[in-house]
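The values are calculated or read from the model by the stated rules, or taken from the named source; none is laboratory data. Since the model is a prediction, treat every value here as computed from it, not as a measurement. Cβ coordinates were reconstructed from backbone atoms using ideal geometry, including for glycine residues, and neighbour counts include every protein chain displayed. Heavy atoms of the whole protein, side chains included, go into the accessibility calculation; ligands, DNA and RNA do not. Shrake-Rupley method; radii C 1.70, N 1.55, O 1.52, S 1.80 Å.
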Amino acid sequence: MFSQTLDSMADAVHETAVEKGFWSIIDGAPQEQIDIFVTKQLMMIVSEAVEVMEAIRKSHGPEAVADEMADIVIRTLDLYAGLKELEYVNTDLQVAFNNKTNFNTTRPEKNGVKF
């Protein structure tokens, strides 16, 4: 199996993001500003997905696609660790992941929708 859990990877990438100043904007901020920051971080994940699409669309090659996919994972793990710190969530990501992937095995084809 894996030597690291999703949570330990999230903690590691979040620590780097904090050290590099990406989370300093919320220090002492009111809740509304923190909520806006969190939603901006979600949109940054979306922007990384767009970069994957662009790497494919512009034929930048498999390495570029993998790099952009890694950015999605890094930003997602960073955000999850931050959400946990800020008490938006209180479940380990590994537990949530395992629960969701197990549940998905019980769902119908395409989860019962057309696409």
Tabulated pairs, the stretch 41-55, first free of Cβ contacts under 8 Å to residues at least 60 places away in the same chain, second not in a helix (DSSP H, G or I), C-beta under 8 angstrom, 6+ apart or interchain:
54/60; 55/61
How many of the residues in the stretch 63-87 are assigned to a loop (DSSP other than H, G, I, E, B) and open to solvent by less than 60 Å² (accessible area, probe 1.4 Å)?
1
When the stretch 50-62 is checked residue by residue, the ones that are in a helix (DSSP H, G or I) and either open to solvent by 50 Å² or more (accessible area, probe 1.4 Å) or basic (Lys, Arg) (or both) are 50, 51, 53, 56, 57, 62
Restricting attention to the stretch 63-115, which residues are in contact with a helix residue (DSSP H, G or I) (Cβ under 7 Å, 6 or more places away or on another chain) and farther than 30 Å from residue 31 by Cβ?
64, 65, 68, 69
Kindly evaluate residue 90 against the criterion of being farther than 16 Å from residue 13 by Cβ, of a type outside the set (Val, Ile, Thr) and either touching a Pro at 6+ places or on another chain (Cβ under 8 Å) or open to solvent by 80 Å² or more (accessible area, probe 1.4 Å) (or both).
yes
Flagged in the stretch 1-25 as of a type in the set (S, T, N, Q), open to solvent by less than 80 Å² (accessible area, probe 1.4 Å) and not in a helix (DSSP H, G or I), in numbering order, are 5
Per-region count, the stretch 101-115, residues not in a helix (DSSP H, G or I) and not polar (S, T, N, Q)
5
From the list 102, 90, exactly one residue is in contact with a Lys or Arg (Cβ under 9 Å, 6 or more places away or on another chain), polar (S, T, N, Q) and farther than 23 Å from residue 19 by Cβ. Which is it?
90
What's the number of the only condition in (1) more than 15 Å from the chain's Cα centre (by Cα); (2) under 17 Å from residue 87 (Cα atoms); (3) surrounded by 17 or more Cβ atoms within 10 Å (Cβ to Cβ); (4) not aromatic (Phe, Trp, Tyr) that residue 28 fails to meet?
(3)
Answer yes if at least one residue in the stretch 91-100 is outside any helix (DSSP H, G or I) and under 16 Å from the mean Cα position of the chain (by Cα), and no otherwise.
yes
